[in-house]
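J.: Here it is: the structure, laid out below.
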Amino acid sequence: MNLGYSDSQQAFREEVRDWLKAHVPAQALPSFDTEEGFEAHRAWERTLAEGNWGMVTWPEAYGGRGCDLIEWLIFEEEYYRAGAPLRVNQNGIFLLGPTLMEYGTEEQKARFIPAMASGDEIWAQAWSEPNAGSDMAAIRCSATRDGDDFVINGQKIWSTRAVFADWGFGLFRTDPDSERHHGLSKILVPLNADGVTVRPIRQLNGLPGFAEIFFDDVRVPAFNVLGGEGEGWRIAMATAGFERGLMLRSPARFQQAAKRLVRLYREHTQDLLDPSVEDAVLRCYMDAEAYALSTYQTASKLVGGGSIGPEASCNKIFWSELDLLIHETAMKLLGARGELEPATPSELQELGPWLDGFLFAQSGPIYAGTNEIQRNIIAERMLGMPRK
Amino acid sequence: MGMDFTFTEDQLSFVDAVRGMLSQEVTPERIRARWDTDTGVDTEFMTQVAELGVMGMLIPETLGGLGLGATDFVMLAQACGEMAVPEPIVEQVLVVAPLLTDILERGLGGDSLQAMVDDLISGQMTVAVSHPINPFINFGDRSNWVLAGQGEEVCLVARDAVALASKKSVDPSRRLFEAELDNANATPLASGDVGADLWRRTLNRGALATAAQLVGLAEAMVAQSVRYTSDRAQFGRAIGTNQAVKHLLADVAVQIEYAKPVVYRAAYTVEVSPSRADFAVSHAKVAASRAALLAARHCIQVHGAMGYTWECDLQIWVKRAWALAREWGDEGFHKNRIHEWLLQSNALLGPEFTFGRRTLTDTVAA
């Protein structure tokens, strides 16, 4: 056990810090759930790619730096410390990217990874359907083989970023006689293809952060099937593992928010506070750090050749509840002024991005598998409790 | 060497070996048997543990020990919690031995202290520590000597010069004593900054000792509850098939999972940078207590009426958790230490400071 960084890890941190200092936009970008904000975030992805910072864990040949997971954590720490923009391509780089690396053919990697890294192709996820939410094996959206193509028909819903994104990935039923988790395939679909209709859905903050996607005889080449026909469930589980696991919500995000919360608390210690606030502030800081420690433990294990176990199911519950507590506590500190949507620079200065974060935190226990489903998984797969 | 938050093969296999022995020797029946004895201690078992080299693990080789550190021992402490070992092995190894070592290495004690170290290594509890934060000494009657004091004073007192009043704990495995010192017969060992530092390090080691055991206690309570709810049937099926029951235990599992790395980080910090271990240790104590107290609450619940009986072995773990959560500083004490640190305007906060000062380069030899 060594809980200190090596000289090269320190040097890597310095390099990341220096580059971010020189490149992170001084003004926060508009939300990527607006057209203007989406393009501003795409431009930021291009800037990242030009510095080879798009996804540091990828091989150099794909625009990465061949970093290990410890360096990835260092990169993320510096990224959030610098207040850099959120990653508009997170569905691509954090979810699809690792799956492509593991299951994609060389041709598929060459086709999709560089464009993903450069921000030229921004990805949306297309998992859920109106009747397949928590029960993802109930998917009905079909992809029927026709020569060298698949023809897709059906509907997806709750597709994050789909309103402005270029591509979507999801599970489709390629075997019409199959049931449940059999006969599904993971297919990559261009959202500008003939027969694709994207209908925006406004989220709680009023912006179209997700969408319904309708497929009407949409033709995609068989080349776009990832990991083999009928292998969709297995591949999707791997993606869900990345999502729930290491990549989607790196601890630095919560540590930086907890740091801001401590500062906000220091500014308000003279106020007449809800007595629970002090305890909550401490808990937020500690839990954010606990999440970081746990992630370093997992990353160390993976770097040493080990694998993630069923205990990884715990982390989605932990970070989503932490995110809620951080933002609920901030709202308590802001008191009656907390409901104000900051409209001027001085209001933004005073109130910070807490309301935005508070709204977004409401979705944490729902997306990427509801926390109720996660608790079932923990009870059954980690603790070994009976299913029936 | 870069960041590596894993235990070595040697550390893991030593824990496995000792854990195997503990699971054979410390059964609920034998724990209950100790309740009916005068001393509450199984001296043969203590000798067995000593023969494995456990007692002197943290004592330097120059003083006759193995010269290992808190990271080598922390999972053993966790295993002692898991098996609900009644004897104060963890406290002897992680608190008493290092305090004796600190005193000897600073030249504050003489040959008599070396004899105490030898006894400790052989499994005899010759010395007890009466830290100002604790109102009681567990198994205080077993010792010949007490390291005690107030404020910055650390002194050595013969047990004969200490009036011990036996007190009954909610946990029948614990044997508490309230101590009244006769100052005239106390030998002062340290005072001022040195004394304060000794007590502070001792407190951190004590809190770490309880935190590690609390994690093990919580794990054991969940394991027993999984077994019980898988066997017990109502409405024609195991009660553990119900989501309401599953989710109670899943919530505990989450808290345990995120207490573990915090406790291991605390062990590392106590070993490598003891002078700035306060935050890491208090965090560990708070997180481990939270996990264990939630485990106690939820595991009693899923056992139904059985969970409220004397007969059900769960009580062994539940009551230990209730006691250890408050020993060596309760939630109030540890949260206040964290609060004080967080409110300092120069506290190094943020994701880049998870592991203390960013220039931290000291390492633990593998």
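J.: Describe numerically, in nm with one decimal, the distance between label points set 7 Å from Cα along Cα→Cβ at A:Lys21 and at B:Ala305.
T.: For A:Lys21 paired with B:Ala305, the spin-label model returns 7.0 nm.
J.: Now, a different point. When the gyration tensor of the range A:123-231 is built from Cα positions, what are the square roots of 5 times its three eigenvalues, in whole Å, from largest to smallest?
T.: Listed largest to smallest, the semi-axes of the range A:123-231 are 22, 16, 11 Å.
J.: Of A:Gly183, B:Thr8, B:Met21, which is farthest along the charge dipole of the protein assembly as shown in the positive direction, counting Lys and Arg as +1 and Asp and Glu as -1 at C-beta?
T.: A:Gly183
J.: Treat every Asp and Glu Cβ in the range A:114-179 as -1 and every Lys and Arg Cβ as +1, leave all other atoms uncharged, and give the resulting dipole magnitude about the Cα centre to the nearest 20 debye.
T.: My answer is approximately 260 debye.
J.: At q = 0.15 Å⁻¹, what is the log10 ratio I(q)/I(0) for the range B:292-358, with the Debye formula run over Cα points and no solvent?
T.: Calculated log10 I(q)/I(0) at the listed q: -0.66.
J.: Taking the Cα centre of the protein assembly as shown as origin, work out the dipole magnitude from +1 charges on Lys and Arg Cβ and -1 charges on Asp and Glu Cβ, in debye rounded to 20.
T.: 1280
J.: Which value, in debye to the nearest 20, describes the size of the charge dipole of the range A:123-231 about its Cα centre when Lys and Arg Cβ atoms bear +1, Asp and Glu Cβ atoms bear -1, and nothing else is charged?
T.: For this selection, approximately 480 debye.
J.: Right, next: Report the Cα centroid-to-centroid distance between the range A:134-193 and the range A:300-330 in angstrom, as an integer.
T.: Value for the Cα centre distance between the two parts: 29 Å.
J.: Based solely on its DSSP helices, what 222 nm [θ] is calculated for chain A when runs of n ≥ 4 H residues each add -39,500 (n - 2.57) and the sum is averaged over all residues, nearest 500 deg cm²/dmol?
T.: It lands at -14000 deg cm²/dmol.
J.: Another question about this same structure. Excluding ligands, DNA and RNA, what is the accessible area buried between chains A and B, summed over both sides, using a 1.4 Å probe, to the nearest 100 Å²?
T.: Chains A and B together bury roughly 5500 Å² of accessible area.
J.: How high is the FRET efficiency between A:Glu372 and A:Leu204 when r is their beta carbon distance and R₀ equals 22 Å, given to the nearest 0.05?
T.: The value I calculate is 0.65.
J.: Next question. Can you list the HN-Hα couplings for the range B:84-94, worked out from phi with the Karplus curve (6.51, -1.76, 1.60; θ = phi - 60°), rounded to whole Hz and with x for Gly and Pro?
T.: Ordered by residue, 3J(HN,Hα) equals 6, 4, x, 5, x, 4, 4, 5, 4, 6, 9 Hz.
J.: From the backbone phi of the range A:134-147, what are the Karplus-calculated ³J(HN,Hα) couplings (6.51 cos²θ - 1.76 cosθ + 1.60, θ = phi - 60°) in whole Hz, Gly and Pro given as x?
T.: Per-residue couplings from phi come out as 4, 8, 5, 6, 7, 4, 10, 3, 9, 10, 9, 5, 8, x Hz.
J.: Let me ask something else. Specify the inter-centroid distance of the range B:277-353 and the range A:346-365, based on alpha-carbon positions, in whole Å.
T.: 31
J.: What FRET efficiency, computed as 1/(1 + (r/R0)^6) with R0 = 60 Å and r the Cβ-Cβ distance, is obtained for A:Leu324 and B:Thr62, rounded to the nearest 0.05?
T.: 0.70
J.: Could you check the spin-label model distance between A:Ser307 and A:Glu231? Points 7 Å from the Cα along Cα→Cβ, value in nm.
T.: 1.6
J.: Take the Cα gyration tensor of the range B:252-351, multiply each eigenvalue by 5, square-root it, and list the three semi-axes largest first, rounded to whole angstrom.
T.: Taking √(5λ) for each eigenvalue gives 31, 13, 12 Å, largest first.
J.: Express in nm, to one decimal, how much length is gained between A:Arg219 and A:Gln349 on full extension, taking 0.36 nm for each residue of separation and deducting their alpha carbon distance.
T.: Length difference between fully extended and current span is 41.9 nm.
J.: If you don't mind, there's one more thing I want to ask. For the pair A:Asp279/B:Ala244, report the inter-label distance in nm, with labels modelled 7 Å from Cα in the Cβ direction.
T.: With each label placed 7 Å out from Cα toward Cβ, I get 2.6 nm.
J.: Set the Förster distance to 22 Å, then compute FRET efficiency between B:Arg106 and B:Ser273 from the Cβ-Cβ distance, nearest 0.05.
T.: Efficiency, from the Cβ-Cβ distance: 0.75.
J.: Express the C-alpha Rg of the protein assembly as shown as a ratio against the empirical globular expectation 2.2 N^0.38 Å, rounded to two decimals.
T.: Relative to the 2.2 N^0.38 Å estimate, the protein assembly as shown comes out at 1.05.
J.: Pairs A:Lys388/B:Lys319; B:Lys167/B:Lys319; A:Lys388/B:Lys285: which exceed 27 Å Cα-Cα?
T.: Exceeds cut-off: A:Lys388/B:Lys319; A:Lys388/B:Lys285.
The values are calculated or read from the model by the stated rules, or taken from the named source; none is laboratory data. Please read these numbers as outputs of a predicted model, since none were measured by experiment. For neighbour counting, all protein chains shown are included, and Cβ atoms are generated from backbone atoms with ideal geometry for every residue, glycine included. Quick note on the areas: whole protein, heavy atoms, side chains included, nothing else; ligands and nucleic acids left out. Shrake-Rupley method; radii C 1.70, N 1.55, O 1.52, S 1.80 Å.
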